[in-house]
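Here is the structure we will look at.
The values are calculated or read from the model by the stated rules, or taken from the named source; none is laboratory data. Keep in mind that this is a model prediction, so the values were computed, not measured. Note that each Cβ is placed from the backbone with ideal geometry, even for glycine, and that neighbours are counted across all protein chains shown. For accessibility, only protein heavy atoms count, side chains too; no ligands or nucleic acids. Shrake-Rupley method; radii C 1.70, N 1.55, O 1.52, S 1.80 Å.
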Amino acid sequence: NIRFDWSSPSQTRQLVPQTQLFPTAPAARLMMPEANQMASFKVYPNPGNQQVTIDWSDIATSEVGIALVNAKGETVYTTKENLKNNHDLNATALKPGVYVILLKTDKTVLKQRMVIIR
């Protein structure tokens with residue numbers, strides 16, 4: 001995306017890439033799913049407290065990998081599931097905050113935000 005820089009009083013206008021206007025760290029980019037990577041799996045309850053269910057019953061796959069990434073970009077949990085369509089995540093050991101769930105299938109990696117509250 002390109003934005004115009006109208007702050008300059010000169011007659012010429014400069015095109016400024018959006019990445020220069022709103023630079024983001026890799027972890028921050030991870031927290032904002034792209035439009036084509038919007039999650040097609042469910043996370044409930046969200047915000048969660050003790051236990052959170054990750055449900056991918058709408059996705060036709062026999063195996064998924066799940067990773068949970070905190071706001072610092074650190075992977076704090078991983079697991080693989082075979083022949084199931086959901087996973088109950090015990091969230092009691094997680095610190096309150098925003099996390100990203102990465103759901104890896106044989107064809108793609110999907111992202112969705114999850115919030116843990118106490």
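Using a Cα-Cα cut-off of under 18 Å, which lysines could be cross-linked to K84, ignoring same-chain neighbours fewer than 8 residues away?
Candidates past the 8-residue exclusion: K42, K104, K107.
What accessible surface, in Å², does a 1.4 Å probe find on K80, ignoring ligands, DNA and RNA and rounding to the nearest 10?
The value for K80 is about 140 Å².
Round to the nearest 0.05 the FRET efficiency obtained for K80 and Q51 when R0 = 22 Å and r is the Cβ-Cβ distance.
Working: r = 19 Å, r/R0 = 0.87.
Result of the calculation: an efficiency of 0.70.
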